[in-house]
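What follows is a single structure, written as structure tokens, with notes after it.
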């Protein structure tokens with residue numbers, strides 16, 4: 001449900017007539033307000049302890065999540081949605097590699113193979129962006145995938161602590177970080193409805209639901225479900241805005257999705273044997 005709710009988010013970014021910094025400001029501010037308010041209502045006097053419990057690791061997750069919000073919106077604003085979502089879909093593979101480097105967790109050979117193949121597919125997408133003015137957006141998508149992967153690695157290291165407050169802080173960090181270059185009052189007309197719908201409903205509900213998924217599902221199952229956004233996101237934009245992915249994005253997308261599905265299916269098979 002979380003991924004389905006999140007799937008039209010890229011379309012909503014594209015539909016608003018505002019610069020990337022203004023989009024980041026309003027999305028971050030609204031998401032911060034919602035997540036913080038929900039935490040306060042849910043825990044009451046215990047909310048302060050919840051925020052303190054995240055510690056320095058939680059602050060790091062917040063900074064990384066804020067950076068990911070900025071990079072993701074920048075990417076969608078400067079390249080095709082298909083490019084952004086296909087490249088961003090590699091975040092779980094980055095997370096697996098980072099878990100090996102920083103946490104010493106073993107990484108199966110299939111994950112290394114999947115990472116190398118996906119890296120090749122992403123490089124192929126870059127080829128289609130050279131000379132088309134999209135390379136900066138593609139690089140921003142890589143940055144978004146890496147920051148998300150680093151955040152997930154830290155969260156995995158601190159599984160006993162709820163990081164929902166960290167996500168709220170991260171959204172606030174993103175809004176504060178771009179405030180000086182944003183133009184919040186430049187938004188007008190129906191764009192306010194889209195922004196408020198995204199910041200107050202889409203993002204908090206989607207991330208709130210997604211946060212509960214890994215607590216009940218295995219990593220491969222979660223990875224398979226997260227691929228829904230990679231498939232549905234470009235379809236929303238194609239349908240409403242008639243933005244067709246280029247050939248490189250389609251070929252690279254098929255390779256990335258195919259590799260990630262195969263990797264997740266093998267992971268499920270290994271999990272079922274335990």
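Which of these, 181, 117, 34, has the largest mean-square fluctuation under a Gaussian network model of the chain (Cα springs below 10 Å)? Of the options given, 181 has the highest mean-square fluctuation. Using the rule -39500 (n - 2.57) for each DSSP H run of four or more residues, divided by the residues of the chain, the 222 nm mean residue ellipticity is -25500 deg cm²/dmol.
For residue 43 and residue 97, a Förster radius of 51 Å and the Cβ-Cβ distance give a FRET efficiency of 0.90, rounded to the nearest 0.05. For region 17-138, rounded, prolate or oblate, judged on the Cα gyration tensor with a ≥ b ≥ c (square roots of eigenvalues), a/c < 1.5 rounded, else prolate if a/b > b/c? Oblate, because a/c is 1.5 or more while a/b does not exceed b/c. Ordering of 239-249, 161-171 by packing is 161-171, 239-249, highest average first (other Cβ atoms within 10 Å, averaged per residue). Mean-square fluctuation check for the chain, GNM, Cα pairs under 10 Å: which of 115, 49, 20 is largest? Highest fluctuation among the options: 49. Rg/Rh, computed from the Cα trace of region 2-273 with Rh as the Kirkwood radius, has the value 0.96. For the pair residue 269 and residue 239, a Förster radius of 22 Å applied to the C-beta separation gives a FRET efficiency near 0.05, rounded to the nearest 0.05.
Tell me whether region 86-207 comes out rounded, prolate or oblate; compute the Cα gyration tensor, take square roots of the eigenvalues as a ≥ b ≥ c, and use a/c under 1.5 as the rounded threshold.
Details: a/c = 2.52, a/b = 1.30, b/c = 1.93.
Since a/c reaches 1.5 but b/c is at least a/b, the shape of region 86-207 is classed as oblate.
Relative contact order of the chain: what whole-number percent is it, with Cα pairs under 8 angstrom and at least 6 residues apart? Relative contact order comes out at 41 percent.
Taken together, the values in this text are just the output of simple stated rules run on the coordinates, not laboratory data. Please read all numbers here as calculations on a predicted model, not as lab measurements. Cβ sites come from the backbone with ideal geometry, for glycine too, and all protein chains shown count toward neighbours.
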